[in-house]
Amino acid sequence: MNKNKTSINWFPGHMTKAKREMEASLKLVDMVIEIRDSRIPNSSSNPLLKQIIKNKPYLIILSKKDKADDIQTSRWVNYFKKDGISCVAVDLLKDDVIKIIKKEVHQIMKSWILKQKSRGINPRAIRVMVIGIPNVGKSTLINRIAKKKIAKTADKPGVTRSLQWIRLDKDIELLDTPGILWPKFDDEIIGLNLAVVGSINDQILDIEQISVYALKYILKNYPTNIIERYNVELDEDPYIMFERIGKARNLLKKGEIDIERVMILFINELRNDKLGKITWEKIDEEN
Ligand SMILES: Nc1nc2c(ncn2[C@@H]2O[C@H](COP(=O)(O)OP(=O)(O)OP(=O)(O)O)[C@@H](O)[C@H]2O)c(=O)[nH]1
Ligand SMILES: [Mg+2]
C-alpha cells in the first residue's frame with residue numbers, strides 16, 4: 001500500500017547535521033527539556049539523546065496526556081522519577097504549562113543557583129532548550145510561552161548565531177527554536193508505535209501491518225474500548241474483528257466486506273482518538 005516518504009527523511013546525512021546543530025545550541029543552555037509523547041514514552045525518545053545532552057540537567061515532559069491511559073502515565077512518571085529523572089505529564093493545549101515548567105526548572109536548577117551565589121556571582125537567567133522527535137508538541141509548548149512573553153525576546157551578545165530567547169520569568173529564558181531529534185526507525189515495534197499515534201505518516205509500514213498491530217494490542221489491553229466504539233462481539237483474531245467492524249459499519253465492496261476500507265477507517269478513528277485513551281507502551285507496576 002502507501003509507501004510515501006516521511007516529512008523529514010532521516011538519512012544519515014540529516015542525522016549528522018541535526019546532531020551537530022543541536023550540539024552547537026546545547027553549548028548555550030544550562031538545561032534541556034525533552035518532550036515525549038505520553039502514549040509512547042519510550043518510542044518517542046531518541047537513543048542518542050543522553051550522548052547529545054551529556055550531563056546537562058534535564059526534564060522530561062510527557063505531552064498529550066489527555067490522549068493517554070492515566071494509570072500508565074502516572075506509572076511512567078514514577079518510573080522516571082525513581083531513576084532520578086524529573087518528569088511531568090501535561091496536556092500542552094490546556095494545562096498551565098508556564099507555571100508547571102517554572103516550578104520544575106527552579107527545582108532542577110536549585111543547586112546550580114546556590115553554587116553561583118556561593119561564588120559571589122549573581123546568577124544570570126537559566127537558559128533552557130526544548131528538544132524532541134517530530135510531532136511531540138515542541139512548537140505548541142514554545143508558542144504557548146511565547147504568546148504571553150513575546151515582548152521580552154532578545155538577542156544574546158557574544159553568540160555568533162543570532163538566537164532568540166523567550167523569557168519565562170526573571171530567572172528563566174527559553175531558546176525559541178527547538179531541537180529536532182530523529183526517531184528510532186530501526187526497531188519495528190517502535191516504528192509501529194510512532195505510526196499508530198500518527199507521528200510518522202504511513203510510509204515505512206503499510207495500513208495492514210499498522211492496523212493489525214493496533215487492533216491486537218487494543219483487544220489485549222483495552223477490549224472494552226472496541227465494544228464501546230463498534231458495538232461488536234470480541235474475537236482474538238484481528239481479521240475476524242475487521243470483518244465484524246466492517247459489517248457494523250456497512251463497508252462493502254461487491255457484497256463482501258471491504259477489509260482495506262475497514263483498516264483505513266480503524267486507523268483514522270484511532271488517530272482521531274475515537275478509541276479512547278490508550279498507552280502503547282505499558283510499564284509494570286513494580287518498575
Ligand atoms: N491533545 C493534545 N494535542 C497536542 C498536545 N501537544 C501538542 N498537540 C498537538 O500535536 C500536534 C503536533 O504539535 P507540534 O507542536 O506541532 O509538534 P512539534 O514537536 O513542534 O512537531 P515538529 O515541528 O514536526 O517537530 C499539533 O496538532 C498540536 O496541537 C497535547 O498535550 N494534547
Ligand atoms: Mg514544530
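The values are calculated or read from the model by the stated rules, or taken from the named source; none is laboratory data. Since the model is a prediction, treat every value here as computed from it, not as a measurement. All Cβ positions, even for glycine, are placed from backbone atoms using ideal geometry, and neighbour counts span all protein chains on display. For accessibility, only protein heavy atoms count, side chains too; no ligands or nucleic acids. Shrake-Rupley method; radii C 1.70, N 1.55, O 1.52, S 1.80 Å.
Residue-by-condition table, conditions (1) polar (S, T, N, Q); (2) in contact (Cβ under 8 Å) with a residue 40 or more places away in the chain; (3) surrounded by 17 or more Cβ atoms within 10 Å (Cβ to Cβ):
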| site | (1), (2), (3) |
| --- | --- |
| 168 | no, yes, yes |
| 178 | no, yes, yes |
| 199 | yes, yes, yes |
| 215 | no, yes, yes |
| 220 | no, no, no |
| 227 | no, no, no |
| 237 | no, no, no |
| 241 | no, no, yes |
| 273 | no, yes, no |
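Inside the range 113-138, residues that are within 11 Å of ligand 2 (Cβ to nearest atom) and either loosely packed, with under 15 Cβ neighbours inside 10 Å or not assigned by TED's automatic domain parsing to the domain that holds residue 36 (or both) make up a count of 0. Checked against (1) in contact with an Asp or Glu (Cβ under 7 Å, 6 or more places away or on another chain); (2) within 21 Å of residue 36 (Cβ to Cβ); (3) more than 9 Å from ligand 1 (Cβ to nearest atom), residue 132 meets all criteria but (3).
Could you tell me whether residue 146 is aliphatic (A, V, I, L, M), surrounded by 14 or more Cβ atoms within 10 Å (Cβ to Cβ), in a helix (DSSP H, G or I) and at pLDDT 90 or above? Talk me through it step by step, then tell me what you get.
Working: aliphatic (A, V, I, L, M): yes; surrounded by 14 or more Cβ atoms within 10 Å (Cβ to Cβ): yes; in a helix (DSSP H, G or I): yes; at pLDDT 90 or above: no.
Judged against the criteria, residue 146 is not a match.
Take the residues in the range 38-69 that are in a strand (DSSP E or B) and away from ligand 2 (no atom under 16 Å from the Cβ), then tell me which one is surrounded by the most Cβ atoms within 10 Å (Cβ to Cβ). Looking at residues that are in a strand (DSSP E or B) and away from ligand 2 (no atom under 16 Å from the Cβ), I get 62.
Is one or more of the residues making up the range 18-25 at pLDDT 85 or above and either assigned to a loop (DSSP other than H, G, I, E, B) or open to solvent by less than 40 Å² (accessible area, probe 1.4 Å) (or both)? Scanning the range 18-25, I find at least one residue that is at pLDDT 85 or above and either assigned to a loop (DSSP other than H, G, I, E, B) or open to solvent by less than 40 Å² (accessible area, probe 1.4 Å) (or both), so the answer is yes. Identify the residue in the range 221-267 that is at pLDDT below 95 and among the basic types (Lys, Arg) and, among all such residues, is nearest to the chain's Cα centre (by Cα). Taking the candidates together, the pick is 253.
Return a yes/no flag: does the range 256-263 have any residue that is in a loop (DSSP other than H, G, I, E, B) and either on the phi < 0 side of the Ramachandran plot or in the same structural domain as residue 132 (by TED's automatic domain parsing) (or both). Break it down stepwise before answering.
Let us first name the residues in the range 256-263 that are in a loop (DSSP other than H, G, I, E, B), namely 258.
Going one step further and asking which of them are either on the phi < 0 side of the Ramachandran plot or in the same structural domain as residue 132 (by TED's automatic domain parsing) (or both), we end up with 258.
For the range 256-263, residues in a loop (DSSP other than H, G, I, E, B) and either on the phi < 0 side of the Ramachandran plot or in the same structural domain as residue 132 (by TED's automatic domain parsing) (or both): present.
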